[in-house]
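A quick write-up on the structure given underneath.
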Amino acid sequence: MELNVFMKCVNQGLKVRLYPDEDMLTKINQNIGNARFTWNKLLENYQNTYKIFKLNGYSKLKCNMATFNTMLNMLKKEHDFLYLSESSSLQQVFRDLINAFNKFFNGEGGYPRFKSKKHDKHACRIQNNHNIKINDNTIVLPKLGEVYYRTSKKYREKLKNAKINNVTIKIENGKYYAVFNIETETPDFPKTHKFVGIDLGMKTLATLDNGLKIANLDVTYEESMIKKYQKRLSNKEYQSNHYKDTQKTYWKWVDRKKNKINDYYHKITTEIVKKYDIIILEDLNIKGMFQNPHSSRKLQRIGWKKFVEMLKYKARIYGKTFRQVSRWYPSSKNCSNCGYYNKDLKLEQTQWKCPQCQKTHDRDINAGKNILKQGLIDLIDETMNLWDRGDSTVILLSWKSTSP
């Protein structure tokens with residue numbers, strides 16, 4: 001029997017390790033440095049222009065792509081070394097700057113700041129104008145040339161056959177990487193007709209409404225080694241040979257911790273997306289929680305944001321439904337059995353008994369059940385508003401009505 005699998009085209013990021021020679025190192029560093037220089041100069045020009053407008057009573061100044069492109073051409077005439085960069089990488093700079101200003105004007109982010117060589121991310125993005133070539137062991141990049149790379153056989157074939165939109169060259173902990181934005185066909189995971197509500201916690205990473213608790217990953221040893229080599233770095237002369245040797249070991253432990261967490265979260269989130277068709281979480285104010293000095297360090301170790309983002313994009317890619325209920329919904333204090341609101345529930349209480357129905361609850365499991373219920377209600381309301389017809393019970397039970 002032939003099984004029809006729904007395929008859709010999605011954008012994915014594919015990261016490979018680069019091994020540049022000395023000549024290529026110089027070119028990559030030059031390109032990244034020019035991108036940072038261009039950002040700072042364009043931002044400086046914008047601020048100087050805004051001062052003139054402000055003197056004449058204007059409160060806002062929004063620059064479009066044509067304006068910044070003109071500024072970039074003027075910069076190239078003034079600074080010849082910018083011609084050494086791949087042209088689309090510098091054009092990408094003002095696109096990113098425009099996005100940063102749009103977020104600022106919309107209240108979604110802070111005012112764009114100048115980039116520092118020491119503290120900022122070292123990266124540049126090159127658009128593919130049919131001039132990026134993928135070979136078995138090398139990548140040919142426009143203006144930069146040929147560079148060796150390493151990845152798995154599966155990803156090498158995927159990279160060679162997919163459409164490449166752009167590539168970001170970046171430096172992380174002394175290592176060079178290329179992150180390709182590709183368009184590829186991905187099959188949906190099979191439907192299981194199962195829902196799940198997930199409560200995020202600090203003692204356990206996540207608790208599912210069925211009672212399953214996912215433990216936090218133990219990275220205590222990696223963190224102790226990072227702390228150890230941080231202390232050693234502080235006692236070395238900056239950029240001396242001893243400093244550089246210690247820095248390599250420090251970077252090794254930073255990478256080991258990051259890779260360990262990424263591997264753990266990828267396995268968990270993939271399993272959840274495979275098993276459940278509707279995944280519902282609480283929309284936590286993670287940024288606000290970091291303001292608490294007593295919990296910020298532990299929150300940083302847990303990495304809720306990474307976990308949530310992985311679930312979100314995997315659900316989108318593999319044809320599952322992801323929703324978040326309001327952060328103001330009292331998922332822990334509501335009885336999942338009868339709906340009683342326990343306003344006196346303390347933060348330290350892990351179990352409580354409902355005064356109304358006498359049901360004893362595990363705090364996290366009860367929260368997961370409530371999150372699932374509220375999420376399904378929100379999903380039904382959203383579907384009814386979209387279709388403007390239908391009975392809520394029919395929409396909930398009839399999978400044909402909600403399948404693509």
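Every number in this text was worked out from the coordinates using simple rules, so none of it is lab data. Bear in mind the structure is a predicted one, so any value in this text is a computation, not a measurement. Every residue, glycine among them, receives a Cβ derived from its backbone with ideal geometry; neighbour counts consider all protein chains shown.
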The whole-number value in µm²/s of the Stokes-Einstein translational diffusion coefficient for the stretch 47-103, with Rh from the Kirkwood sum over alpha carbon pairs at 20 °C and 1.002 mPa s, is 169 µm²/s
Could you tell me how many degrees, from 0 to 90 and to the nearest 10, lie between the Cα long axis of helix 241-275 and the main elongation axis, the longest principal axis, of the Cα atoms of the chain? 40 degrees
Need the list of lysines near K343 for cross-linking: C-alpha distance under 30 angstrom, and skip anything on the same chain fewer than eight residues off. K203, K213, K287, K298, K305, K333, K353, K359, K369, K373
Local electrostatic count, T207, Cβ distance below 14 Å [Lys/Arg +1, Asp/Glu -1]: -1
Give the cross-link partners of K160 among the lysines, using a straight C-alpha distance below 21 Å as the criterion and excluding same-chain residues fewer than 8 apart. K8, K15, K133, K143, K170
Average Cα contact separation per residue, the chain, under 8 Å, 6 or more apart, as relative contact order %: 16 percent
For the stretch 126-281, treating each Cα as an identical point scatterer without solvent, what Debye log10 I(q)/I(0) comes out at q = 0.19 1/Å? -1.13
On a C-alpha basis, how far is the centre of the stretch 56-119 from the centre of the stretch 204-283 in Å? Whole number, if you could? 34 Å
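Compute the whole-percent fraction of alpha carbon pairs in the chain spaced more than 28 Å apart.
That tail contains 63 percent of the Cα-Cα pairs.
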So if each residue of separation counts as 0.36 nm, and I subtract the Cα-Cα distance between E22 and E271, what length gain in nm does that give? 85.4 nm
What are the lysines whose alpha-carbon lies under 20 Å from the alpha-carbon of K236, with same-chain residues fewer than 8 places away excluded? K118, K227, K228, K244, K248, K252
Efficiency of FRET from Cβ geometry, E223 and Q349, R₀ 30 Å, rounded to 0.05: 0.55
Rounded to the nearest 10, the angle in degrees between the Cα long axis of helix 65-78 and the longest principal axis of the Cα atoms of the chain comes to 30 degrees
Given all pairs of distinct Cα atoms, the stretch 162-205 yields a Kirkwood Rh in Å of 15.2 Å
I need the per residue convex hull volume for the stretch 8-187, using only the alpha carbons, in cubic angstrom as a whole number. 145 Å³
By DSSP, what percent of the beta bridges with both residues in the chain are antiparallel, rounded to the nearest 5? 85 percent
